[in-house]
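Structure first, then comments.
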Amino acid sequence: MARRSMTKGDIQRGVEVIEFAAGASHLLKGEYSTGAGTGIDVYSMRQPLGVVAGITPFNFPAMIPLWKMGPALAAGNSFILKPSERDPSVPLRIAELFLEAGLPAGVLNVVNGDKEAVDAILHDDRIKAVGFVGSTPIAQYIHETAAANGKRARCFGGAKHRMSAPVESVPVEPQEQVLFEQCGPLGLVTLNRPRAINALTHRMVQLIRAELDRWASDDSIDTVAIIGAGDRGLCAGGDIVSLYEDATSGDGTAAAQFWFDEYHLYAEIARFPKPIVAVQDGIVLGGGGGGGGGIGISAHASHRVVTERGRLGLPEVGIGFVPDVGATWLLSHAPAQLGTFLALTAGSIGAADAIEVGLSDVHIRSENVTKLLTALRTMDAGEAVMLLAEDPGEASLCAARSWIESAFDADSVNEAIVRLRTAGAAEADAAADTIIAKSPTALAVTLESLRRAARLSSLEDALDQEYRVSRRMLATLDFAEGVRAQVIDKDRNPRWNPAGDVDAAAVSGFFALSDDHELAMTTNSASPQRRPL
């Protein structure tokens, strides 16, 4: 009876994750979701790598293989399962059931064997990532071998000793965090931190500013292109932990210095005298406070190219911060309050929606990025981009424009939530639930930032305002608490202060002029008009 109960539990826990993964397509948006299984929460984001593998033990023949394969398949990968050679019968039967259910041949593969089979997986360049659960010595071996072969690996050792020792490895961080190359008349900037999804550091910002300054007056450079190394995204993540440490144990000086240079960089990109083509491929998140500058480094370029893999978002209010890096300028000028919706829900959007909101200009397939860079060596930037441009399909936000505009035209966050609740759309109700979970202070200040940015005359004026607000947000209890809950302790249970209504006078205080909170970016004219493509 005990063995039958254990078998039932083994299968049930595995099936729970498969059921969750089967319905996860609408959740692959860079947010935490609860209830993947009993006591299991997940952070879901679509990051197809290609082919990934899982190596699993004999004592959980159903549960752990299902845990490994479900999320991998849902995220768009092909999967290779190497079960224990002691008894592969259950994993083989699972694979047969997947085929009977209609999964295309070759998407899920089961291989049997001992160390020779494991080594074949670890040394095959076509396999991009490996997961393992089992004994500690084997976990260590797989971890080290996978890392040496440039693979991402997550290994849990000590399972046989009732202990868990998770170790995660990825390729070693390149020494040069940003690369510059001249390819004929093309100046190519490559953000080169693939391990961190190319999140910007202060040093990277300084190097890019210096090189752009040089290229601006270099007659041999006609066009600049910005891309990200690796296959995960252009730029995301940010050094949130460093900001957290500056907020909790520092005086805010390091963050202020970073933002000072970063915000100037984005103004320089916007007014650069030559075309800048930014390739928004993969993850492109947020600003200097919480998202790593993906929107800042790309959305102010003259030519913003988004691929079908592009996922653009501004997650700041989820960690008690506000959209920055000029995002308030862009979002406040989006049609039908779509920018306000995106900022307050901290969501992410694909190519068609990014163009609709105004964060991107045209869509090309990711497989054509190399062709684009080649074309930029011989063609005008606008001609090269349009040569490869394709219809991204209908923006999903178009169907929601009416209730989004009605709800987010409100004068307060609370009023927006009330309007969402009465909109009569399930998506509106879900948006209200999402907003309620965010920092009330961050939400109120974000809404006020957008309303004020809409009345400003230039991007530079908006950056001045954002610098003032960002420095004050860094000092709030909510920023430290948001980072603690999402990044440090990872309990996903932030305790916002205040937890409810935010005093209007307190919100106004974030925008008050101060001698030591000013960017003082001089503007002689309005922000440059975007070049027609």
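The values are calculated or read from the model by the stated rules, or taken from the named source; none is laboratory data. Just so we're clear, the structure is a prediction, and the values are computed from it rather than from any experiment. A quick note on method: Cβ atoms are made from the backbone with ideal geometry, for glycine too, and the neighbour counts reach across all protein chains shown. Areas reflect the complete protein model, heavy atoms only, side chains present, ligands, DNA and RNA absent. Shrake-Rupley method; radii C 1.70, N 1.55, O 1.52, S 1.80 Å.
Once the other residues with Cβ under 12 Å from the Cβ of Ser439 are scored (Lys, Arg +1; Asp, Glu -1), what is the net sum? Display every interim value, and only then the final one.
Working: positive: Lys438, Arg495; negative: Glu316, Asp478, Glu481.
Summing Lys and Arg as +1 and Asp and Glu as -1 gives -1.
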- [ ] May I ask which residue of Ala117, Gly134, Pro104 lies farthest towards the positive end of the charge dipole of the range 102-148, with charges of +1 (Lys, Arg) and -1 (Asp, Glu) on Cβ and the Cα centre as origin?
- [x] Pro104
Task: Computed FRET value (nearest 0.05) for Glu394 with Asp433, which takes r as the C-beta separation and R₀ as 30 Å - done: 0.75
- [ ] Could you pull the accessible area for His333 with a 1.4 Å probe, rounded to 10 Å²?
- [x] 100
TODO: For Lys68, go through the aspartates and glutamates and keep the ones whose alpha-carbon is under 17 Å away, minus same-chain ones fewer than eight residues off.
DONE: Asp10, Glu16, Glu19, Asp41, Glu96, Glu168
- [ ] In nm, give the distance between the simple-model label positions of Val107 and Asn149, each being 7 Å from the Cα along the Cα-to-Cβ direction.
- [x] 2.6
Task: Point-charge dipole on Cβ atoms (K/R +1, D/E -1) for the range 213-317, about Cα centre, debye to 20 - done: 420
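Using 0.36 nm per residue, how much length does the chain from Arg451 to Ala210 gain when fully extended, once their Cα-Cα distance is taken away? Display every interim value, and only then the final one.
Working: separation 241, 0.36 × 241 = 86.76 nm, distance 3.34 nm.
Length gained, Arg451 through Ala210: 83.4 nm.
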Open item on the list: Report the Rg/Rh value for the range 44-130, based on alpha-carbon coordinates and the Kirkwood definition of Rh.
Closed with: 0.94
Task: Summed residue charge, Cβ within 11 Å of Leu420's Cβ, Lys/Arg positive, Asp/Glu negative - done: -2
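Protein chains only, probe 1.4 Å: how do Ile226, Ile80 rank by accessible area, largest first? Please report the intermediate quantities before stating the final value.
Values: Ile226 5, Ile80 35 Å².
Largest accessible area first, the list is Ile80, Ile226.
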